[in-house]
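K.L.:
First, the structure itself, so that you have it in front of you.
The values are calculated or read from the model by the stated rules, or taken from the named source; none is laboratory data. Quantities reported herein were computed from a predicted structural model and do not represent experimental measurements. Backbone-built Cβ (ideal geometry, glycine too); neighbour counts: all protein chains shown.
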Amino acid sequence: MAAVNCPDAEDLCRYPTERVGALDGVRSTATAPLIRTRTRTRSGATLPVNR
(Lines give C-alpha, C1' and ligand atoms only; values in the text may rest on other atoms or scores of the structure.)
Protein backbone atom coordinates (compact mmCIF):
# COMPACT_ATOMS: atom_id res chain seq x y z
CA MET A 1 0.00 0.00 0.00
CA ALA A 2 1.18 3.52 -0.77
CA ALA A 3 -0.22 7.01 -0.39
CA VAL A 4 0.46 9.84 -2.83
CA ASN A 5 -0.69 13.43 -3.17
CA CYS A 6 -1.77 14.31 -6.70
CA PRO A 7 -2.61 17.86 -7.76
CA ASP A 8 -5.44 16.83 -10.08
CA ALA A 9 -7.44 13.87 -11.43
CA GLU A 10 -5.24 13.59 -14.52
CA ASP A 11 -2.15 13.09 -12.38
CA LEU A 12 -4.03 10.57 -10.23
CA CYS A 13 -4.68 8.48 -13.36
CA ARG A 14 -1.16 8.90 -14.72
CA TYR A 15 0.72 7.96 -11.53
CA PRO A 16 -0.37 4.31 -11.19
CA THR A 17 -0.19 3.59 -14.92
CA GLU A 18 3.05 5.32 -15.88
CA ARG A 19 5.07 5.34 -12.65
CA VAL A 20 3.97 2.34 -10.60
CA GLY A 21 2.95 0.18 -13.55
CA ALA A 22 6.40 0.61 -15.07
CA LEU A 23 8.05 -1.15 -12.10
CA ASP A 24 9.17 -4.75 -12.61
CA GLY A 25 6.79 -7.23 -11.00
CA VAL A 26 3.73 -4.95 -10.84
CA ARG A 27 0.83 -6.73 -12.50
CA SER A 28 -2.07 -4.53 -11.41
CA THR A 29 -2.91 -1.40 -9.45
CA ALA A 30 -6.00 -0.02 -7.74
CA THR A 31 -6.70 3.56 -6.71
CA ALA A 32 -9.13 5.11 -4.28
CA PRO A 33 -9.23 8.91 -4.08
CA LEU A 34 -9.45 10.40 -0.61
CA ILE A 35 -10.54 14.01 -0.64
CA ARG A 36 -10.03 16.13 2.45
CA THR A 37 -10.55 19.83 2.92
CA ARG A 38 -8.51 21.59 5.57
CA THR A 39 -8.54 25.12 6.89
CA ARG A 40 -5.86 27.06 8.74
CA THR A 41 -6.47 28.68 12.12
CA ARG A 42 -4.93 32.01 13.12
CA SER A 43 -2.17 30.11 14.93
CA GLY A 44 -1.29 28.27 11.71
CA ALA A 45 -2.71 24.87 12.74
CA THR A 46 -4.73 22.95 10.18
CA LEU A 47 -8.17 21.57 10.98
CA PRO A 48 -10.36 19.24 8.92
CA VAL A 49 -13.57 20.73 7.57
CA ASN A 50 -16.55 18.39 7.65
CA ARG A 51 -18.99 18.97 4.81
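K.L.:
In the set 37, 17, 41, which member is over 9 Å from the mean Cα position of the chain (by Cα) and at pLDDT 85 or above?
P.N.:
Result: 17 is the single residue among 37, 17, 41 that is over 9 Å from the mean Cα position of the chain (by Cα) and at pLDDT 85 or above.
K.L.:
Hey, among 22, 32, which residue is modelled with pLDDT under 85 and in a loop (DSSP other than H, G, I, E, B)?
P.N.:
From the options 22, 32, the qualifying one is 32.
K.L.:
So, in region 1-18, how many residues would count as being exposed (fewer than 12 other Cβ atoms within 10 Å of the Cβ) and in contact with a helix residue (DSSP H, G or I) (Cβ under 7 Å, 6 or more places away or on another chain)?
P.N.:
Number of matching residues: 1.
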